[in-house]
């Protein structure tokens with residue numbers, strides 16, 4: 001049960017992180033509403049709440065589960081997200097030509 | 001970052017990462033297996049899994065097992081008696097042969113032997129992880145050096161990726177070019193599990209360094225002290241049923257449980273050591289007939305005990321151990337993808353210089369061969385070891401000798417095969433796929449169908465099947481690429 005709670009929580013944190021990135025940086029699809037004050041507050045609050053909850057519920061095991069579920073969830077999300085349909089790019093703007101777009105290999 | 005610094009960092013990352021990565025892959029893979037050492041022992045010895053419901057330890061069983069321990073000690077073998085626990089529900093009358101723990105498994109209710117032959121077991125992977133089965137101190141020196149290599153590679157990798165660390169944290173483009181895809185996978189796993197890998201690596205380096213220091217300056221032991229590394233004891237201690245019963249009762253009073261504890265000679269007496277699972281820090285305290293109670297002790301008595309707790313996670317629950325094992329496998333993905341990237345960039349470099357020397361091409365060939373032997377040969381040898389424990393031993397060889405020969409022989413053959421034959425990758429992938437996917441069939445054919453631990457067998461079979469299917473999917477991908 002605690003694992004599902006932690007994985008759900010980390011998934012939310014990673015999605016909030018992606019949502020915070022500028023559009024030209026957001027290579028993986030993320031369909032959350034635009035980042036606002038609530039999301040900015042939630043992003044640091046969720047891991048802290050997860051850590052507290054996991055430690056209270058499972059003690060030392062909870063602390064380690066909190067640590068281990070973060071990369072595991074991120075890895076699964078990173079592999080899954082590119083296969084989901086992308087949101088349409090903003091009109092009249094080629095994202096690859098944006099001056100902030102990083103230069104990648106072909 | 002200046003281009004000169006970037007070039008220097010890339011050089012360090014590549015040329016420390018590649019040689020260290022070959023050994024680190026082995027350490028990560030065997031470390032992941034070592035998380036489930038007792039379970040692997042149970043899979044390899046299916047008769048010790050018993051029938052459902054699992055019998056509990058009884059006084060009769062304990063006394064009979066104690067009698068067996070006394071017999072072994074009297075014959076000069078430095079054995080110890082591990083008590084049943086939920087992870088390993090039988091008595092283990094083990095001794096250390098310098099590389100692995102071996103000895104009979106005894107029924108928890110009767111104390112009678114359960115299996116007719118020893119197997120290499122889970123401790124084989126623990127030793128491979130700790131010292132690569134090399135003699136002391138070379139194994140420790142090598143693992144310490146490789147561990148330092150891991151830390152250096154992680155730090156240089158972090159420095160190289162620092163600017164893009166957060167923006168590219170979850171970036172993976174499966175439809176990009178091959179090199180970009182491998183780099184994305186390398187960075188995805190590397191950045192996400194960087195803190196975990198750093199802590200695991202650092203704690204491992206500290207533990208191995210402490211071992212090396214102890215080898216150079218051996219700690220002083222009182223006269224008559226015996227250790228598990230000794231093949232023979234000088235004077236066997238007195239071990240009567242009354243002593244065993246009283247020590248067990250004291251242990252139950254002191255710790256609440258004796259499951260996973262063990263009886264071992266300490267000084268001139270027999271001692272009951274508490275379970276390692278009770279505390280985060282390793283606290284090897286023994287109750288003896290002359291010291292029936294333990295004085296209060298700090299939570300973490302030494303720095304060593306703290307790092308053992310942090311690195312081995314013996315105290316952790318099942319879920320935490322699964323995630324720890326998964327972190328080790330993530331380490332394998334990072335190192336494996338790093339090795340592939342290294343080979344690709346070397347290949348590109350040779351392709352861009354048409355007049356490459358023969359030596360450089362041969363070097364490239366040898367890099368490819370050792371990478372194949374590490375990333376494919378090791379899983380192949382591991383699966384073969386699992387198979388060899390279930391199949392009859394040919395000729396009149398000792399089972400342990402045969403199983404170890406299968407493991408190391410197949411691993412060496414994998415290296416030789418990769419050196420000699422060009423499409424070695426496809427052939428070895430096919431072998432991993434066959435062995436991995438057929439493990440479930442082998443398991444069902446070579447053990448009693450009704451068992452007390454169906455989840456144990458199911459989990460090992462499932463992991464082997466996943467390994468086989470992963471190899472099969474890579475193989476199919478390679479075939480499709482060749483056809484295109």
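Summary of values
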read-out: With Cα atoms, 0 to 90° folded angle of helix B:358-372 axis to chain B main axis; value: 40
read-out: Descending Cα extents along the principal axes, the range B:359-484, whole Å; value: 56, 38, 19
read-out: On Cα atoms only, tilt of B:454-483 relative to the major axis of chain B in degrees; value: 10
read-out: Nearest 10 degrees, 0 to 90: helix B:138-161 Cα axis against chain B principal axis; value: 50
read-out: Residue A:45 paired with residue B:365, simple spin-label distance in nm, labels 7 Å along Cα-to-beta-carbon; value: 6.4
read-out: Enclosed volume per residue, in Å³, of the convex hull spanned by Cα atoms of the range B:296-437; value: 201
read-out: Two-site label geometry, residue B:97 and residue B:351: point separation in nm, points 7 Å out along Cα→Cβ; value: 4.9
read-out: Residue-span extension gain [residue B:395 to residue B:235] - 0.36 nm each, minus C-alpha spacing; value: 53.8 nm
read-out: Span from the the range B:279-322 Cα centroid across to the the range B:163-181 one, whole angstrom; value: 42
read-out: Separation in nanometres of the label points that stand 7 Å from Cα toward Cβ, at residue B:159 and residue A:5; value: 4.2
read-out: Quotient of Cα Rg and 2.2 N^0.38 Å for the range A:1-71, N being how many residues it contains; value: 1.20
read-out: Values of log10 I(q)/I(0), in the order q = 0.07, 0.09, 0.10, 0.13 Å⁻¹, for chain B under a Debye, Cα-only, solvent-free model; value: -0.42, -0.69, -0.84, -1.31
read-out: Residues B:432, B:340, sorted so that the one with the fewest Cβ neighbours within 10 Å comes first; value: B:340, B:432
read-out: Residue order, fewest to most beta carbons within 10 Å, for B:23, B:125, A:5; value: A:5, B:23, B:125
read-out: Compactness of the protein assembly as shown as Cα Rg over 2.2 N^0.38 Å, two decimals; value: 1.06
read-out: Fewest-first sequence of B:421, B:400 by Cβ atoms within 10 Å of each Cβ; value: B:421, B:400
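Read the figures in this text as sums done on the coordinates, not as results from a lab. Because the structure is a prediction, the values reported are computed rather than measured. So basically every Cβ, Gly included, is an ideal-geometry build from the backbone, and we count neighbours across all protein chains shown.
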